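Reading through the structure tokens given below for one structure.
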Amino acid sequence: MARDVLLWVLVALAVGGAAPLLAGIYQHLLIGLHARRNHLDACGPGLPRTAVLIPAWNEAAVLETTIDQLLRLDYPADRLRIYVVDDASTDETPAVMAARMAQHPGQVVHLRREKGGEGKAHTLNHGLALILADPWMEALLIMDADVVYEPASLRKMARHLADPDVGSVTAYIKEGTEGGTYLNRFVAYEYITAQAAARRTQHSIGAIACLAGGAQLHSRANLEALGGRIDTSTLAEDTITTFETQLAGRKVVFEPHAIVWAEEPGDITGLWKQRLRWARGNVQVTRRYRKLWFRPASGHRLGSATFALFWFATTLLPLVMITSSLALVALWFLDRDLSTRAFSALWIINALGFVFTTTFSLLLDPSTARRVWKEAVLFPGVVSLLVILHACFPALFRSGAEGLSDLTGIRLGRTGGDLFLLAAYLWVALCMVAAWLTKRLDQAGFRRLAGVLVYVVGFGPLLCAVTFAAYVAEARGAEQRWDKTVKTGKVAVRT
Amino acid sequence: MTSPPDPPVPGYPQRRVLDLTAPYEPPPVAVPVAVPDVASDVASDVASGSPAASGALPVRSAVTDEDRRRTEDDIAADRRAERRLVAWELLALLAVVAIVLARQLWLA
């Protein structure tokens, strides 16, 4: 009896590895709601006087392009002011800004902090204090120095502020590095799933997880209700602002037709650094709002079970994968037949979820899909795709393996086959270790090899490994550092 | 580098709804720049180029009929695009059904 209970608990834990993907399927199923719940009915033609706030530290390479693009926005020039808060830059930022201020007096403003390096939130607060002191500002656009707005994007965001219940609006950030690497293409696809798809659903259920740091438009009333300051206590100031806005009873809107292009890291080391900061921020947010989860409340939807499901499907993904893998290995020793069936069920769910979410995501953004469809297919990695193939079409996989065996003359035998199966069970967790190794290879200068390995191991597992590293960093109480992501200015609007 | 939470800016009301279509009315007196904890830093910024300090206040403008027409056109187009989502969703579900059928046929 006790053995049976143990076996079924292990089966539940093993198949539970598919829970995050089931949450992903559910999230994608809800996207259709956005056809109705998109806030377009409450939009109006308001063009609020908008102050654009750009935090900048050594951004001379990108600022000229960014400011020029902002000045070409399809938005009345007399309703737009650009404030660049220079966080004690040591490059040519002051000279670039001096030139732009001379060209556009009164519209482009350079605010310099002599004492810098305290992080983005402090830099934002420096500009925010000055901008709020002038009643001219009706809306504030917080953006990054390296993003490029499509001409109609601000207008499309601003139309939502006609509804006084709206506190903030965010846009669809797309990867736009010119001549980008394979990693940029992976990120481009990831942004379809994480933004075009996930944020549509979040908007539909009335709870947005995060305003994109590069595109957040706030009403003045919202900023004042937040105390006129951006939170400086975590690495996730964007998410804190998003949560506080909604907790104060204001809506946050995702506007998928406002497109903003961003340059993302093109190498694994840079990406790891950026994502570790984001993931640590998410862990901090999870802890900070621990009394919020799964507790529905009036005035906001952050406590809904659906939102919590989506939040924890991402933040707990590495732990779920490790648990699933260990349960499969334990089953392998206790009841091999049951372990095979649990493994098969896990990967069939994964396969169906993968097909649905990938197909839908690519359809959501056809122009990006044409560029990144290979990275979309290889997102889980070649190894996981082979496991999916084995789970769905075992006979096909077996005949392929036999053909390969005939070709190479290598026979696995029964023991070899068992070990192969055990390796597949362990892969559910070990893929994160393999992803971590790609980062180490990249750091050691073997960039080409690391790139090939990302396709083999998968971009998804790489992101999971970063999340796991974030837990480790938080558990160790590692120093909170604002590691700036190096940008080159090679970002452009793609048509 | 953890910092203590910042204090709220005094003097700001907790909720205020603005009429976004109204023309800008400049304040009757010079704009005071009250900046907590970064006062000296910002004071030099103001002196060196903020619109409030330089007197380069903007030309007034309000929402025009053209703005209204364009907003309505944009909203109509975006609404149509959002309705297409349902078709894409059904197409993606069909892909799943195709995989399931293929597997069943293969196993049969």
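No value in this document is a laboratory result; all are computed from the given coordinates. Because the structure is a prediction, the values reported are computed rather than measured. Note that we place each Cβ from the backbone using ideal geometry, even for glycine, and neighbour counts take in every protein chain shown.
For the range A:235-291, what is the relative contact order in percent, using Cα pairs closer than 8 Å and at least 6 residues apart in sequence?
Numbers: 21 pairs, mean separation 34.1, N = 57.
Value for the range A:235-291: 60 percent.
When all C-alpha to C-alpha distances in the range A:225-373 are sorted into bins of 10 Å, what percent of pairs does each bin hold, rounded to whole numbers?
Spelled out bin by bin, the range A:225-373 gives 8, 23, 33, 25, 9, 2, 0 percent.
Can you list which of the chymotrypsin sites (Phe, Trp or Tyr not before Pro) found in the range A:295-380 are DSSP loop residues with at most 12 other C-beta atoms within 10 Å?
For chymotrypsin sites (Phe, Trp or Tyr not before Pro) across the range A:295-380 that sit outside H, G, I, E and B with at most 12 neighbouring Cβ atoms in 10 Å, the list is empty.
Can you give me the C-alpha center-to-center distance between the range A:121-170 and the range A:239-288, rounded to a whole angstrom?
Cα centroid of the range A:121-170 versus Cα centroid of the range A:239-288: 16 Å apart.
Specify the angular offset, from 0 to 90 degrees and rounded to the nearest 10, of the alpha carbon long axis of helix A:459-476 from the longest principal axis of the alpha carbons in chain A.
70
Could you tell me what fraction of 2.2 N^0.38 Å the Cα radius of gyration of the protein assembly as shown comes to, as a two-decimal ratio?
Relative to the rule-of-thumb radius for its length, the protein assembly as shown sits at 1.03.
Pull out the extension gain between A:D78 and A:R288, defined as 0.36 nm times the separation in residues minus the alpha carbon to alpha carbon distance; nm, one decimal.
Answer, rounded to one decimal: 71.5 nm.
Mind running the shape call on the range A:254-312? Use the C-alpha gyration tensor, a ≥ b ≥ c as the square roots of the eigenvalues: rounded below 1.5 for a/c, prolate if a/b tops b/c, oblate otherwise.
oblate
Specify the angular offset, from 0 to 90 degrees and rounded to the nearest 10, of the alpha carbon long axis of helix A:19-29 from the longest principal axis of the alpha carbons in chain A.
50
I'd like the mean, over residues of A:473-479, of how many other protein chain beta carbons sit within 10 Å of each residue's own Cβ.
0
In degrees from 0 to 90, rounded to the nearest 10, what is the angle of the helix A:394-408 Cα long axis to the longest principal axis of chain A?
80
Hey, what does the equivalent ellipsoid look like for the range A:341-483, semi-axes from the Cα gyration tensor as sqrt of 5 times each eigenvalue, largest first, whole Å? Provide the component values of the computation, followed by the final result.
Working: eigenvalues 172, 92, 54 Å².
With the √(5λ) rule applied to the range A:341-483, the semi-axes are 29, 21, 17 Å.
What does the convex hull of the Cα atoms come to per residue for the range A:1-156, in Å³?
Spread over its residues, the Cα hull of the range A:1-156 gives 208 Å³ apiece.
Taking Cα centroids, how far is the range A:1-79 from the range A:352-381 in Å?
Taking the Cα centre of the range A:352-381 as reference, the centre of the range A:1-79 is 17 Å away.
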